[in-house]
Amino acid sequence: MNRIIIIIGIISFLFSCSPNSQVEEKDEATLQQDQKMEWWREARFGLFIHWGLYAEPAGEWKGERIAGISEWIMARAAIPVKEYEKLAENFNPEKYDAEAWVKLAKYAGMKYIVITSKHHDGFAMFQSKASKYNIVDATLFGRDPLKELADACKKYGIRLGFYYSQAQDWHEPGGTYFNIEDGKPHWDANLVREPLMNYINGKAVPQVKEILENYGGLDILWWDTPRGMTEEAAQALQDVADEYPDMLTNNRLYRPWPGDFTTPEQHVPPTGLDYDWEVCMTMNTSWGYKSYDENWKSGETLIRMLVDIASKGGNLLLNVGPTPEGLFPEPSIDRLKQIGLWMQQNSESIYGTTASPFFKLPWGRCTTKEVDGNTILYLHVFDWPKTGLLQVPGLKTRIKDIYLLSNPKQKFAWKFEDDDLFIHAPSIIFDPINTVVVIETKEKVKVTSNMPTLKEGSILLPADFADIHNPGYGTHAYLSGSGKKSIIQNWVDARVRLEWMFNSVEPGKYKIETLIKANEICKLNVTVGDKNVESEIQPTNNKFEIISLGEIEISETGNQSISLTPDRENWGEVELMYVELVK
Ligand code: H79
């Protein structure tokens, strides 16, 4: 009997190793992953909520304003554990109304909510048997806000995820903190250190079990800051999460474990990524409530950001930091309402869409859907054309209809010239933030790329064709204007890199020229493939000047990229209109 079992085992093992069945297995895994991710890919837009004891000091400690993100105040102001704990005594968010939060998120067009169940400060915002340091046991409030939120989400059909800071826990002797890996001591010398696994087994694992068991099942478990984790610690938590195969997790449990999606933080990637991704972004500059942070992004910026991300195939998780009373700050409410107003008319161009087939669209963005084998293109027009014609480059396709999404009775005429489509755009601007024009086609469209290529001996790389690689925590450069008037402004952070894709048809030596404005001597590195040149820019007296950045050998044909990387030590304030490669 045993022999038979062993033989069957060997045979099935051999079969499972045959190349054919491996291909099938991989496809099966991909299909399963597609199914698991379906609602999330369809959703495109979620609400992040950072709420905890840090909302009380709101960026201020003992009369002093503490710089940076407010939920970091305990570390940044080196507050001893016992002192920080006292915040719980006053935490009493009596104005908290979970349904109001959920209704507003829903109105804004968000399909899911992710809320901090425990941030780095170690305070659980849910009822926990694993640690008394939680909102039910340690405050006068005594309610479980996450239970109320879970009920409200269920009632209004919103998916729910919890954020859980698995590594950093500044309250526990075994929890990590931001510079533990550099051998720095915890700022509170009274916290006698213990091994990480004491904390993982004593608090993190039991609490993660609690949040997965007690709230009707979570759709997302959002880990954060994997630094300081060990594989053993991560595996202990992964084992708990594995009990919930439909739940999504992000890529922050342990490096380099991928999770179900990647998480660019505080910056939008310049192009799409080849793995599911979600940008998390604040409306001002702090995640937690910070009373004096007035640095709000406008509703326009946020709407266009959502569209930009959707056009690259990603999700946006947009943050609100509620007050200690339990209210969304007024400026956050205003922005959610403004986004909602736009979404009420245009959400069809966001939900369930996939990335743009175009290389660059100088006037805006594009999202797409396949319906019955035909492509629907949603043109998101940020800059309505003053010429009366909206040019869609490289699109020659059989068209069924072109109309305004917010009012389908408003049709547009069109014509083709060479390989481009031109849509007749009346002189009324329908929506100054973003007008969505729908093209329904009668096929699956193919687009000819408008990637810059050699014309009359040179390749022009305008500002609005640049990929701006901004750092997460740093000063962002941004594009203003479009077409010939477009400018990359505020290039002051030396970590910001610019990159252009172009099509190389004639390899050879090229002169690099740029139309640029610089306020002091700036040095940068120009790279194409494995070649690079160091260039120096002299101050331009507050005006744009054409400057030579030297010469570079382009040896390959096909898609190439050119990068401009500042020298960290020699950088000032720079604006740029174009780069030109001249043969
Ligand atoms: O929950 C939010 C942040 O609190 C958390 N992730 C998002 C979603 C986060 N933890 N670390 N970081 C983000 C990276 C930021 C590090 C910094 Fe700092 C905090 C830069 C300045 C303050 C650590 C402390 C490094 C310098 C001081």
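The values are calculated or read from the model by the stated rules, or taken from the named source; none is laboratory data. Quick caveat: nothing in here was measured; it's all calculated off a predicted structure. Cβ atoms come from the backbone with ideal geometry, glycine included; neighbour counts cover every protein chain shown. Please note that ligands, DNA and RNA were not included when accessible areas were found on the heavy atoms of the full protein model with its side chains. Shrake-Rupley method; radii C 1.70, N 1.55, O 1.52, S 1.80 Å.
What is the calculated FRET efficiency for M451 to K132, with r their C-beta to C-beta distance and R₀ = 45 Å, to the nearest 0.05? Calculated transfer efficiency: 0.15. The phi-based Karplus calculation (6.51 cos²θ - 1.76 cosθ + 1.60; θ = phi - 60°) puts the 3J(HN,Hα) values of the range 151-159 at 5, 5, 4, 4, 4, 9, x, 10, 6 Hz, whole numbers, x for Gly and Pro. Debye-formula intensities of the range 60-144, expressed as log10 I(q)/I(0) at q = 0.13, 0.14, 0.15 Å⁻¹, are -0.54, -0.63, -0.71 (one equal scatterer per alpha-carbon, no solvent). Packing here is the average count of other Cβ atoms within 10 Å per residue, and on that basis the peptides 543-554, 345-356, highest first, run 345-356, 543-554.
With N the number of residues in the chain, Rg(Cα) / (2.2 N^0.38 Å) evaluates to 1.08. Of all the accessible heavy-atom surface of the chain, with the other protein chains kept in place and a 1.4 Å probe, what percent is carbon and sulfur? C and S atoms contribute 50 percent here. Would you mind counting up the charge near D493? Only other residues with Cβ under 11 Å from its Cβ, with Lys and Arg at +1 and Asp and Glu at -1. Neighbour charge sum, excluding D493 itself: +2. Among D293, D274, the order of accessible area from largest down is D274, D293, computed with a 1.4 Å probe on protein heavy atoms. In this structure, E534 and Y292 have a Cβ-Cβ separation that, at R0 = 51 Å, corresponds to a calculated FRET efficiency of about 0.75. Length gained on full extension, E553 to R255, computed as 0.36 nm times the residue gap minus the Cα-Cα distance: 103.5 nm.
With the convex hull of its Cα atoms as the shape, the range 453-582 has an orientation-averaged projected area of 7.4 nm².
Normalised Debye scattering of the range 364-447 at q = 0.18, 0.27 Å⁻¹ gives log10 I(q)/I(0) of -0.72, -1.61, counting only Cα atoms as equal scatterers and leaving out solvent. Accessible area per residue for the chain is 46 Å², calculated with a 1.4 Å probe on protein heavy atoms, without ligands, DNA or RNA.
With the highest mean first, a sort of the peptides 525-531, 488-494 on other beta-carbon atoms found within 10 angstrom per residue produces 488-494, 525-531.
Each residue of the range 91-108 was assigned a 3J(HN,Hα) from its phi angle through the Karplus curve 6.51 cos²θ - 1.76 cosθ + 1.60 (θ = phi - 60°); the sequence is 7, 8, x, 5, 8, 5, 9, 4, 5, 5, 4, 5, 5, 5, 4, 5, 4, 5 Hz, with glycine and proline shown as x. Each peptide in 194-206, 402-414 gets a packing score, the mean of other Cβ atoms within 10 Å over its residues, and the list from highest to lowest is 194-206, 402-414. 3J(HN,Hα) along the range 480-494: 10, x, 9, x, 5, 9, 6, 9, 8, 10, 6, 8, 10, 8, 5 Hz, from the Karplus curve 6.51 cos²θ - 1.76 cosθ + 1.60 with θ = phi - 60°, whole Hz, x for Gly and Pro.
FRET efficiency for the D401 to D246 pair, using the beta carbon distance and R₀ = 30 Å, is estimated at 0.20.
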